[in-house]
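Have a look at the structure below, then the notes.
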Amino acid sequence: MNTIANHLPTAELQALDAAHHMHPFTDGTALAQKGARVITKASGVTLTDSDGIEIMDAMAGLWCVNIGYGRAELAQAAAAQMTQLPYYNTFFQTTHVPAIALSKRLAELAPAPLNHVFYAMGGSDANDTNVRLVRHYWAAKGKPDKKVIIARKNGYHGSTMAGASLGGMKPMHAQGGLPIADIVHIDQPDWWAEGGDLTPVEFGLERARQLEAKIHELGEDKIAAFIAEPIQGAGGVIVPPDSYWPEIQRICDAYDILLIADEVICGFGRTGNWFGSQTMGIRPDIMTIAKGLSSGYAPIGGSLVSDKIANTVADAGDFNHGYTYSGHPVSCAVALENLRIIEEEKLIENVRDVTGPYLAEKWAQLVDHPLVGEAKIVGFMGSIALTPDKAARAGFAAGSGTAGLRCRDRCFANQLVMRHVGDRMIISPPLILNKSGVDKMLARAVKSLDETLAALLAEGLMK
Ligand code: PXG
């Protein structure tokens, strides 16, 4: 059997990595100088690197390992499926049992009218499906000009041409000629950074009404859909004010605009419900899913689609779209086993009723730290805003990321993976993290914040 050598010295692995492996969202030259951290194994909420150092993973990989690492049941489900039927496609009027079973299960879990699934390999390509699907839907309804999709600045919807276009990340648009045609962006509901003198409630309404203004500007018959994450993840865990989502829902209903909820991060328990749309009280026509669907054990994503859309598209002939690995049997089998574990071990109820509230109470106390201006958390996704001046909600004079980068490095040194987005620190731990795990995570976070504060003061970056 071909095994993957895992016994080379770290420096040798790093040199090989630098020589041949191009990393996502990475300055390759800088990384080659520093050397990538090599992760060799993981169990529960703990990673181990090639030097044997154990690191607590407060990001669940990339927001995806919801059931935690090392669950042999998923490996067994994959092995059994590979033995029985490693691959077959779902094109040309064929199907297979894992895709059938997973589709049925997802239809049961999703809010009422979302009874249909179109599979992808992850969230980006699922959002590509969504762009084509909503435009095809309106064309089938005799409205081919209803094709503009409204999205948000600082939203994240993936890295493909359509995914990155829907996203509102300026550095991504700056590379490769994005966004593609007929995708426009409105401002995000980030009260801390952009709320000015408005109350959160006023600001939430103001940002939601930008959607209405954009619809008036472009014309209702030109707008196919609005897409947003229930809670922005990669943008920095931005929890919108309570007034935001009800107003967005009202506007989508009033103007016959399809609502696409990108649940890639919020789905599968992250917010204390199966879906973030339930937590935020919205009724999407389409939900993008990925990540927690398989807890990252196998690549799978997709679009959960309403009866209204699926039936219209079915009646309109071929939908000329699909991926070789749409509904891959091994990924479907792994996802089903993952969903079984989430349900039977009551991971979502635990986040909603036990560990989530416990974490929320302690997380809120972080605002007492001199460096922390805002602490936000919903279920098991949280963020804190680092600031040199809480009252002014100020940024650092030396630029965005001044404190965030230092804090992220201190976290690593203190055996904690906590990410930074600019000067926001974010967490999204595995849903299995228990109360003592929460305590351990917070102790390491506070130590890292203390050290960051000391460094900022010593370097004269903060008074
Ligand atoms: N939508 C959302 C809301 C996401 O968070 C995608 C779509 C794309 O999914 P795929 O599976 O194609 O990557 C994502 C992915 C980060 C980070 O740095 C976040 C994501 C991916 C990579 C990095 O926070 N989210």
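Structure values in brief
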quantity: Mean projected area (nm²) of the alpha-carbon convex hull when the range 231-390 is viewed from all directions; calculated: 12.1
quantity: Dipole magnitude of the range 82-236 about its Cα centre (Cβ charges: Lys, Arg +1; Asp, Glu -1), debye to nearest 20; calculated: 600
quantity: Rounded Å value of the spacing that divides the Cα centres of the range 138-204 and the range 210-288; calculated: 11
quantity: Vicinal HN-Hα couplings computed from phi for the range 167-183 (Karplus, 6.51 cos²θ - 1.76 cosθ + 1.60; Hz; Gly/Pro x); calculated: x, x, 9, 4, x, 6, 5, 6, 10, x, x, 10, x, 5, 4, 6, 10
quantity: Cα-Cα pairs of the range 33-187 separated by more than 26 Å (percent); calculated: 52
quantity: Burial ordering of 372, 446, fewest other beta-carbon atoms within 10 Å first; calculated: 446, 372
quantity: Long-range amide H partners of residue 301 with built H, under 5 Å; calculated: 120, 121, 122
quantity: Descending semi-axes in Å of the range 6-50, equivalent ellipsoid built from Cα gyration tensor; calculated: 20, 13, 8
quantity: Most positive-pole-ward Cα, 89, 19, 112, against dipole of the range 1-123 from beta carbon charges; calculated: 112
quantity: For the range 55-120, the fraction of alpha-carbon pairs in successive 5 Å shells from zero, as %; calculated: 3, 12, 16, 17, 22, 17, 9, 3, 1, 0
quantity: Too-long pairs where the Cα-Cα distance tops 31 Å, listed order kept, from 222/308; 34/435; 41/346; calculated: 34/435
quantity: Listed pairs 147/214; 376/440; 146/170; 146/214 exceeding 21 Å between Cα atoms; calculated: 146/170
quantity: Extended-chain gain in nm, criterion 0.36 nm per residue less alpha-carbon gap, residue 368 and residue 346; calculated: 4.6 nm
quantity: Hull-based mean projected area of the range 309-463, where the convex hull spans the alpha carbons, in square nanometres; calculated: 14.0
quantity: Span from the the range 47-74 Cα centroid across to the the range 330-367 one, whole angstrom; calculated: 15
quantity: Order of 412, 396 under a 10 Å beta carbon neighbour criterion, fewest first; calculated: 412, 396
quantity: Calculated on alpha-carbon atoms, Rg and Dmax of the chain in Å; calculated: 22.2, 67
quantity: Structure-based [θ]222 nm, the chain - -39500 (n - 2.57) summed over DSSP H runs of at least 4, per residue, nearest 500; calculated: -12500 deg cm²/dmol
quantity: Ranked list, fewest to most other Cβ atoms within 10 Å of each Cβ, for 82, 121; calculated: 82, 121
quantity: The range 109-227: radius of gyration over Cα atoms, expressed as a fraction of 2.2 N^0.38 Å; calculated: 1.15
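Every number here is computed from the coordinates shown, using simple stated rules; none is lab data. Not measured: the values here are computed from a predicted model. Methodologically, a virtual Cβ is constructed for each residue, glycine included, from the backbone with ideal geometry; neighbour enumeration extends over all protein chains shown.
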